[in-house]
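The values are calculated or read from the model by the stated rules, or taken from the named source; none is laboratory data. Fair warning: this is a prediction, and the values are worked out from it, not measured in the lab. Virtual Cβ from ideal backbone geometry, glycine too; neighbours counted across all protein chains shown.
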Amino acid sequence: MKAAVLHKAGAALSLEDVPVPKIGAGEILIKVKACGVCHTDLHLMAGEWRLPKLPVILGHEVVGEVVEAGHGVGNFQPGDRAGVPWIHSTCGACEYCTSNREPLCPAIVVTGFMVDGGYAEYVKAAASHAVAVPQELAWQDAAPILCAGLTPYRALKISGAAVGETVAVWGVGGLGHYAVQIAKAMGARVVAVDVAKAKLELASRLGADSTVDASQVKPDEALRDLGGAHVVLCLAPAREAILQGFNALRRGGTLVLVGLPPGDFTLPILGSVAKGIRILTSGVGTRQDLREVLALAARGKIKTVAEACRLEDLNDIFDAMRQGKVSGRRVVAFP
C-alpha cells in the first residue's frame, strides 16, 4: 500500500510502498477513505515531542470502510463505516477511563504517533476505540471532525459556556472554524479573533456574531468594548494570544487553553484572583464526545470547510500550514 512515512524528526514525509497491516484479536482493518491533516503533525515532524516509534505513519483523523474484523470484535463488521481518532486505545479501567477523562489514561496509545496512522491506504485500529461514522457525512467532511471538531467540542463542553453568553474564539483555523459553529449551536454569542482577513470572513459565513482583526486593533480592548467574554477559547499557538484572551475576559470568566505555543508563558496571578478567572486546559475529547460531535454534524449543525489533497501533496501542505496560509482543513482523499 502507499503511505507517507516519517523516518526522523525534522525530515519531510516519504511516500513509500509498505505492507498492509495485519490485524489481531480485537482489531479491525480499515480501507482509508480520507484522513484530515492536523497541525499536531507539525509538532511531531519537528521532534517537539519525543517520537516513540520510528519510522511512523502519521495521521489521526482517519475514516474509512472496515474490510476485516479480528477475533472477538462484535461492534464492527466488513462494510461498516469507522473512524480512528487520536486515541487508539486506553486501558478502560483506571480512574481516568472510568470518569470521562480517558485522554489522561497512563496507558494511552496514540494513533499516528505510537502506532501507525492514516496517511496510508489501510490502517488497523482497536475496535474498542474506533467510532461509527454516520451515513449522512461524506468521508471528506467526516475525517477532520475526529480531531479538529472533537477538540473544540470538548473544550467548549468543559468551559461551562451557557446560552446567551459571549464566547470568543482566538484563531479561526482548522479547529477554530468548528469552534465558531459549535459555540453557535450551543446558543452562545460568538466573537471570532484572528489576524487573517480570509479567516475572519470564513468565521462570519459560519455564523460568528462579530469578528476582530487582531492585526488592526487590540483584540482584548475590542472584546472589553463588547462587554468582555464569558469564555475565551484560545486555539492560536501563540503566547501573545493567550495573554490577549486572558485580558478579554469579564469578571468570573473562563480561559480555555488548547493551542500549543513554543516555550512557556505567564499570566498575572493578581488579575486572575481579583477577577475570579478560571483557567482550564483541554486536549482531545473522549469517544463519547466524538459520538456527540459526529451526531451534531450529521444533523447539519456544523459543517466542514475542507479541501481535498493527495498523499503526494502533504509536504507542501505542511509548509503552507507553517506559514499560516491554510484556512479550514486539508483532507487527504483516497480514490
Worksheet, complete the sentence: Taking the range 70-83 and keeping residues within 22 Å of Pro335 (Cα to Cα) and touching a residue at least 40 places away in the same chain (Cβ under 8 Å) leaves Asp80, Arg81, Ala82, Gly83
Discussion item. For the structure I just gave you, tell me whether Gly187 is more than 16 Å from the chain's Cα centre (by Cα) and closer than 30 Å to Leu223 by Cβ.
Written reply: yes
Discussion item. Please verify whether Arg251 is in contact with a Ser or Thr (Cβ under 8 Å, 6 or more places away or on another chain), surrounded by fewer than 19 Cβ atoms within 10 Å (Cβ to Cβ) and of a type in the set (D, E, K, R), treating the condition exactly as stated.
Written reply: no
Worksheet item: Looking at Ile57, is it under 28 Å from Ala238 (Cα atoms) and either at pLDDT 95 or above or basic (Lys, Arg) (or both)?
Response: yes
Discussion item. Here is a check on your reading of the model: is Asp289 of a type in the set (Asp, Glu), crowded, with 21+ Cβ neighbours inside 10 Å and part of a helix (DSSP H, G or I)?
Written reply: yes
Worksheet, complete the sentence: Conditions (1) assigned to a loop (DSSP other than H, G, I, E, B); (2) modelled with pLDDT of 95 or more; (3) in contact with a Leu (Cβ under 6 Å, 6 or more places away or on another chain) -> Val232 fails only (1)
